1. Of everything in the stretch 10-49, what is assigned to a loop (DSSP other than H, G, I, E, B), over 23 Å from Ile329 (Cβ atoms) and among the small types (Gly, Ala, Ser)? Give them in sequence order.
2. Between Glu130, Glu136, Glu120, Glu172, which is without any contact (Cβ under 8 Å) to a residue 40 or more places away in the chain, touching a strand residue (DSSP E or B) at 6+ places or on another chain (Cβ under 8 Å) and charged (D, E, K, R)?
3. Considering only residues of the stretch 1-27 that are under 24 Å from Thr276 (Cβ atoms) and charged (D, E, K, R), which is nearest to the ligand (Cβ to nearest atom)?
4. Tally time: how many residues in the stretch 123-142 are in a helix (DSSP H, G or I) and under 23 Å from Asp93 (Cα atoms)?
5. Applying the selection to the stretch 143-162, what residues are in a loop (DSSP other than H, G, I, E, B) and under 16 Å from Tyr229 (Cα atoms)?
6. In the stretch 355-373, how many are within 12 Å of the ligand (Cβ to nearest atom), surrounded by fewer than 20 Cβ atoms within 10 Å (Cβ to Cβ) and among the aliphatic types (A, V, I, L, M)?
7. Checking Leu352 against (1) away from the ligand (no atom under 15 Å from the Cβ); (2) outside any strand (DSSP E or B), only one condition comes out false. Which one?
Amino acid sequence: MKTKAIIFLADGMADEALPELNGKTPLEAANTPAMDAIARQGKNGTFLTLPAGLPTSSDVANMSVLGFYPEKNYPGRGPIEAVSQGVPLKSDDVAWRCNLVYVSDDDVLRDYSAGHIDNETSTALMNALEEEFGNEDVTFYPGVSYRNLLVLHGKKFSKNIDYFKPDSSQDEPIAQLQPSPLDNSPEAKFTVEFLQDLDRRTAEFLKKHPLNQGKAAPGNRIWPWSPGYAPALTPFEQAYGGKGAVISAVDVIKGIGKASGMTVYEVPGATGFLDTNYQGKVDAALEAIKTHDLVYVHVEAIDECSHLGDLKLKLQAIEDFDAKIVAPIRKALEGQNVNFAVLPDHPVPIKLRKHTTTPVPLAVCGPEITADAVDTFSENKAPTGELGFLKGNELVRYLLGL
Ligand SMILES: [Zn+2]
């Protein structure tokens with residue numbers, strides 16, 4: 001292990017040129033001196049985070065950045081978050097990510113997050129679901145906000161189910177968003193029927209629940225997706241010969257960390273949104289780098305603002321990431337033998353409000369990394385840098401000097 005490294009991961013930051021920004025992308029338009037400094041002092045390139053044939057989701061993308069090869073090892077979002085929450089999975093348990101969503105009276109999926117439902121309400125609703133519907137076949141687990149879990153128990157269930165990702169399916173009729181079997185097995189057929197029945201019964205219950213009355217976007221429906229069995233990732237230490245740490249608000253990223261034996265720092269007040277505890281994340285990163293070789297600092301807020309389609313909030317979230325995460329960590333570690341990388345996990349073009357698979361811009365700097373000609377961090381300039389196109393474990397190996 002030659003060098004320590006910090007990866008700044010800005011979830012969903014990459015975007016496209018927008019007429020209202022005079023042809024600039026949000027990253028180009030936002031004031032981002034700290035990220036620009038990494039680009040100017042070091043090298044730039046692009047990274048492939050979403051390989052073909054996999055869901056275009058953050059768990060796949062972040063596994064790619066860390067070099068865990070989702071092409072071979074992707075267990076599904078449900079299992080990753082189950083590991084993060086310490087939910088025990090038996091060998092034939094199928095874990096599903098289970099959003100609380102808002103479906104309007106005309107049966108259209110209106111909000112994948114039930115209005116970014118608060119933790120207290122979502123936990124109460126999930127606990128009420130468990131009390132009413134939990135049995136030897138199914139268990140409901142509360143998570144963070146709309147991001148909850150459902151586990152189906154036993155060999156009669158299959159994980160080979162096709163599903164619609166709720167944040168990519170907003171404003172579509174739910175009749176067109178039903179799960180379907182991916183194979184001809186009786187288990188897959190049974191699982192679909194079981195879920196549809198569970199959906200009908202829980203919808204009745206949630207609609208009448210007192211906590212869902214008088215709300216603009218109540219959590220009145222469950223949305224199970226990305227099922228799978230307990231994950232089996234190569235431990236970080238075995239893959240890279242050093243210790244890794246993860247700092248994130250969201251279970252999906254913490255789950256990748258836990259499933260690969262990285263240290264997962266719990267930051268009080270980390271919300272996954274603009275009101276997150278930025279200083280807490282900075283403090284955790286500076287603590288972690290003392291005893292770990294690679295520290296992964298993930299911020300979710302930019303992705304959420306992109307899915308909301310709110311350009312003003314996205315610009316704010318990008319500037320907050322730059323000023324409240326990248327800048328103070330870089331300043332605190334000035335002169336030390338630490339490499340830095342900054343990149344998004346995938347684009348969320350604000351016009352589309354969905355993830356796209358375009359390779360993301362990447363900038364790296366460090367004591368022994370010489371500068372290329374790129375002077376700012378952007379989607380358009382990064383591909384012209386000397387780093388070229390990276391994939392797999394190339395970024396982590398490069399940063400650690402392997
Ligand atoms: Zn993401």
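1. Answer for the stretch 10-49, where residues must be assigned to a loop (DSSP other than H, G, I, E, B), over 23 Å from Ile329 (Cβ atoms) and among the small types (Gly, Ala, Ser): Ala17, Gly23.
2. Residue meeting the stated conditions: Glu130.
3. Filtering first and then ranking leaves Asp11.
4. Total satisfying the criteria: 10.
5. Listed by number, the residues that qualify are His153, Gly154, Lys155, Lys156, Phe157, Ser158, Lys159, Asn160.
6. 0
7. So Leu352 meets the others, but not (1).
Let's see how each residue does on (1) surrounded by 13 or more Cβ atoms within 10 Å (Cβ to Cβ); (2) assigned to a helix (DSSP H, G or I):
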residue: Ala175; (1), (2): no, yes
residue: Asn184; (1), (2): no, no
residue: Glu187; (1), (2): yes, yes
residue: Thr191; (1), (2): yes, yes
residue: Asp197; (1), (2): no, yes
residue: Lys207; (1), (2): yes, yes
residue: Pro218; (1), (2): yes, no
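The values are calculated or read from the model by the stated rules, or taken from the named source; none is laboratory data. The shown structure was predicted, so the numbers you read here are calculated from the model rather than taken from an experiment. We place every Cβ from the backbone using ideal geometry, glycine too, and count neighbours over all the protein chains shown.
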